[in-house]
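Everything below concerns the one structure shown next.
The values are calculated or read from the model by the stated rules, or taken from the named source; none is laboratory data. Bear in mind the structure is a predicted one, so any value in this text is a computation, not a measurement. So basically every Cβ, Gly included, is an ideal-geometry build from the backbone, and we count neighbours across all protein chains shown. SASA here: full protein model, heavy atoms, side chains in, ligands and nucleic acids out. Shrake-Rupley method; radii C 1.70, N 1.55, O 1.52, S 1.80 Å.
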Amino acid sequence: MRKFLKFILNIVIYAAIVGAIVYGLPYYLTKKLGTNYPIAAITSGSMWPVLHIGDLVLIQKIAKEDIKVGDIIVWQNAKGLPAGRQGFTIHRVTKLSEKTLVTKGDGNFTADEPVRYEDVLGRTLMRGKDPLRIPYMGYISVWAALLRTN
Amino acid sequence: MDEEVKQNFWQKMTKGEKILAIVLAVGFLFVFYIALDANKYQATVHVIAGEGKVGVNPTTERLDFGDLSPGTSAIRRVDIENGTTISMYVAIVNFGSINDLMTINKSSFTLSPGKKDVIEFTVYMPASAPIDATLTGRVFIFKIPGPWR
């Protein structure tokens with residue numbers, strides 16, 4: 001009986017650890033970074049070599065007046081996606097104007113269409129000059145996106 | 001003396017441990033064979049300044065994409081043939097700094113006995129490519145016997 005109770009207790013402890021990581025970490029980051037989307041996976045090579053496919057980056061909320069040219073920001077991009085699906089673009093700010101801003105992927109030759117400030121979700125968390133990135137941790141999202149498109 | 005120790009070691013193992021040891025040994029040999037049999041290529045590309053400049057080096061031993069300026073791309077193809085009598089599961093794995101710029105038309109597929117196929121590797125040089133840099137990598141084409149496929 002004691003062995004069985006110990007076994008159950010171990011399962012509860014492991015479940016609590018997994019739950020804390022899966023639910024607690026995003027919740028903590030949401031509070032800490034002030035955005036509902038604190039983690040983003042890089043699914044394209046448009047920001048190479050600063051960001052690589054499969055990287056995981058952290059996003060922090062940013063006020064309109066704090067955005068500068070050269071910042072790498074995340075904005076909501078519904079273009080080309082089925083209704084109800086959200087897409088996000090992580091590109092560098094190249095131009096600021098009163099109502100909109102313009103971004104461009106470092107690896108792209110053309111700039112994106114102007115983005116409204118209300119569509120900006122945040123800026124990548126920086127470590128020195130470069131964005132803080134966790135290599136390979138974003139591959140789960142990359143594979144999930146591939147499965148969705150297939 | 002050594003033989004005695006070995007015999008004792010084998011004899012001391014339970015039936016389950018012996019089965020597990022045999023399964024592990026067979027598994028290891030299988031993985032070793034697949035790794036040894038894999039086609040291995042070195043991939044390389046050199047970034048040059050300018051617009052629309054491409055210089056391809058036609059070597060067959062390497063996946064050499066030559067010199068590419070930002071905005072250009074090069075394609076290299078690898079022909080693969082299954083000369084055996086069983087189906088092969090082909091899986092392509094690539095590593096290295098060239099990895100981010102290289103796309104492969106198919107990452108895995110099944111090749112029936114006697115059939116041929118072509119794997120296409122494309123390198124596109126983005127606007128942010130550092131001029132005069134040489135990006136390299138390794139490409140492994142694993143052929144895994146899969147008669148059940």
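Observations
- Positions from the range A:104-128 whose accessible area shrinks by 50 Å² or more when the full protein complex is built, not the chain alone, probe 1.4 Å: A:Phe109
- When the accessible areas of A alone and B alone are added and the area of the pair subtracted, with a 1.4 Å probe, the result is around 800 Å², both sides summed.
- Cα gyration tensor shape of chain A, rounded if a/c is under 1.5, else prolate or oblate by comparing a/b with b/c: prolate
- For the protein assembly as shown, alpha-carbon Rg relative to the globular expectation (2.2 N^0.38 Å, N residues): 1.34
- Compactness check for chain B: Cα Rg over 2.2 N^0.38 Å is 1.50.
- Note on the protein assembly as shown: dipole from Cβ charges, positive end direction compared against A:Met137, B:Thr84, B:Gly71; the farthest Cα belongs to A:Met137.
- At a threshold of 40 Å², the residues of the range B:95-141 that become less accessible to a 1.4 Å probe in the full protein assembly than in their chain on its own are B:Asp100, B:Ala127, B:Ser128.
- Rounded FRET efficiency, nearest 0.05, which uses the C-beta distance separating A:Asn36 from A:Lys99 and R0 of 30 Å: 0.85
- Label-point gap, in nm, between B:Arg62 and B:Val26 - each point 7 angstrom along Cα→Cβ: 4.2 nm
- In chain B, taking the dipole from charged Cβ atoms about the Cα centre, the farthest positive-side position among B:Thr136, B:Phe95, B:Tyr33 is held by B:Tyr33.
- Within the range A:1-33, backbone nitrogen closer than 11 Å to the virtual label 7 Å beyond the Cα of A:Tyr139 toward Cβ: none
- For the range B:39-145, the solvent-accessible area of protein heavy atoms averages 48 Å² per residue (probe radius 1.4 Å; ligands and nucleic acids excluded).
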